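The structure appears below as structure tokens.
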Amino acid sequence: MENIVIDNVTEKTVKYHYIGQNEPLPIQKVGDAIVYFDEIYDADGATIGHTVGMVTATHVAPNGHLMTHYEEAIELPDGTLRSSGTIDRQLMLGGEWARFPAIGTGGKFLGLTGTREWGLILPVSTMTVNLRIHLHA
């Protein structure tokens with residue numbers, strides 16, 4: 001069984017467009033969306049990939065926390081994948097890692113499934129995360 005692990009990389013938002021209340025990041029209100037363009041870097045700081053995504057503030061959970069939904073397309077040297085999922089924004093800002101299902105859409109990743117995980121690197125204003133991807137047949 002093929003098993004691919006991508007770790008020890010970071011991802012940084014290099015450009016974004018905010019749609020909605022125009023609050024300063026990372027604040028969002030229900031209905032707001034951000035289209036973002038990220039660069040993925042290896043441990044030496046070389047650019048090895050790109051992510052294009054959209055995060056939408058979908059609703060407020062019963063605990064009062066804002067829930068946000070992500071849809072992403074990711075390009076790496078060995079192929080492409082997509083991921084999507086909904087997370088509790090307050091927990092993510094507090095250090096909890098986001099974990100979304102991922103599906104390989106091209107290259108070496110085609111047909112593989114797994115997870116894409118990321119955790120914020122503080123301060124939030126750097127818009128940088130640690131990134132892990134695990135795919136398998």
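The values are calculated or read from the model by the stated rules, or taken from the named source; none is laboratory data. Keep in mind it's a predicted model, so treat the numbers as computed, not measured. Backbone-built Cβ (ideal geometry, glycine too); neighbour counts: all protein chains shown. Note: accessible area is taken over every heavy atom of the protein model, side chains too, but ligands, DNA and RNA are not part of it. Shrake-Rupley method; radii C 1.70, N 1.55, O 1.52, S 1.80 Å.
Descriptive notes on the structure:
- In the stretch 64-97, residue farthest from GLN28 (Cα to Cα) [restricted to those that are of a type in the set (A, V, I, L, M) and out of contact with any Leu (no Cβ under 9 Å at 6 or more places or on another chain)]: LEU76
- Hey, HIS59 open to solvent by 50 Å² or more (accessible area, probe 1.4 Å), assigned to a strand (DSSP E or B) and in contact with a Ser or Thr (Cβ under 7 Å, 6 or more places away or on another chain) or not: no
- Being among the small types (Gly, Ala, Ser), outside any strand (DSSP E or B) and farther than 23 Å from SER125 by Cβ is a property that does not hold for GLY45.
- Pairs with Cβ under 6 Å, 6+ apart, first in the stretch 74-90 and assigned to a strand (DSSP E or B), second among the basic types (Lys, Arg) and surrounded by 16 or more Cβ atoms within 10 Å (Cβ to Cβ): SER83/ARG116
- Single residue of the stretch 28-47 satisfying the filter (crowded, with 16+ Cβ neighbours inside 10 Å and among the aliphatic types (A, V, I, L, M)) that is farthest from TRP118 (Cα to Cα): ALA33
- Close pairs (6 angstrom Cβ cut-off, 6 or more residues apart or separate chains): under 10 Å from LEU135 (Cβ atoms) and open to solvent by less than 50 Å² (accessible area, probe 1.4 Å) in the stretch 109-125, in a strand (DSSP E or B) and of a type in the set (Phe, Trp, Tyr) anywhere: ARG116/PHE100
- Applying the condition of being in a loop (DSSP other than H, G, I, E, B) and out of contact with any Gly (no Cβ under 8 Å at 6 or more places or on another chain) to the stretch 26-42 and asking which residue is modelled with the lowest pLDDT yields PRO26.
- Any hit, the stretch 70-88, residues being of a type in the set (S, T, N, Q), open to solvent by 60 Å² or more (accessible area, probe 1.4 Å) and in contact with an Asp or Glu (Cβ under 8 Å, 6 or more places away or on another chain): no
- Test: residue in the stretch 84-106 that is β-branched (Val, Ile, Thr) and under 19 Å from ASP42 (Cα atoms): no
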